[in-house]
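Participant: This is the structure I want to talk about, given as structure tokens.
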Amino acid sequence: MKKQIIYIVLLVILSLPFGVKAQDFRAGVQFGIVPSQVDGDGLTGYNKIGLMGGAFVERNISKNVFLFTDLSFTMKGSRVASSKNVNFDQVELTTNYIDWGLYAGYRLSNKIDLKAGLVPSVLIYHKECTAGGIELFGEDTFRPLNLLVSCGANYHFSKHFSINATYNYSIVSIRPGELVMIDFHIGETHAQYHNYINLSLMYHF
């Protein structure tokens, strides 16, 4: 029932600017992994591996152009490179979001699609721990909403299955930094931004 509600909502969104033709739509589900890091936290490398899963709808605009939207649960964050690192000054971050991807796409061939768009994102859970595993409790400075830019490609290897790879980066910081004057402009220092790759298997109904 929940899956049907998601499909209905996404179909309505995509059909608003255009005439509705059922054959122009294709829906499905996707599941995958999310190698991620957080820029600005002092750690480097896509060492945090999260999971993602959700539903999507695709609408054909022409032979080569399409619109694509998905709604997914995504686990992101950061992690130190080695589990043997117990430096308490380094903080690992776990965040869970509901992501709503809005894309425009172009078909290079029957097998390869390119797409780019924006991903509004809602924070539903977060946790900070030291590299030694001690959970930190402090002032909650995380923004409840985030906005990311995203681009990537799909490879269709059968009628119903494809592989999706997208790169995603926060346009807005996930937690505010300090406002300072930088070259006569107000800028934000020590802010943090999501930086992650989404690798998923997609099933098209």
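Each reported figure results from applying straightforward, stated rules to the coordinates on display, with no laboratory input. Predicted model only: the values in this text are computed from it and were never measured. Here the Cβ is made from the backbone with ideal geometry for all residues, glycine too, and neighbour counts use every protein chain on show.
Participant: May I ask which of Lys48/Lys111; Lys76/Lys115; Lys48/Lys159 have a Cα-Cα span longer than 27 Å here?
Facilitator: Violating the 27 Å limit, Cα to Cα: Lys48/Lys111; Lys48/Lys159.
Participant: Considering the options Leu93, Val122, Tyr103, tell which one lies farthest towards the positive end of the dipole of region 91-138, charges being +1 on Lys and Arg and -1 on Asp and Glu at the Cβ, about the Cα centre.
Facilitator: Checking the options against the dipole of region 91-138, the answer is Tyr103.
Participant: Dipole of region 24-85 (Lys/Arg Cβ +1, Asp/Glu Cβ -1, origin at the Cα centre): which of Leu71, Ala81, Leu43 lies farthest to the positive side?
Facilitator: Ala81
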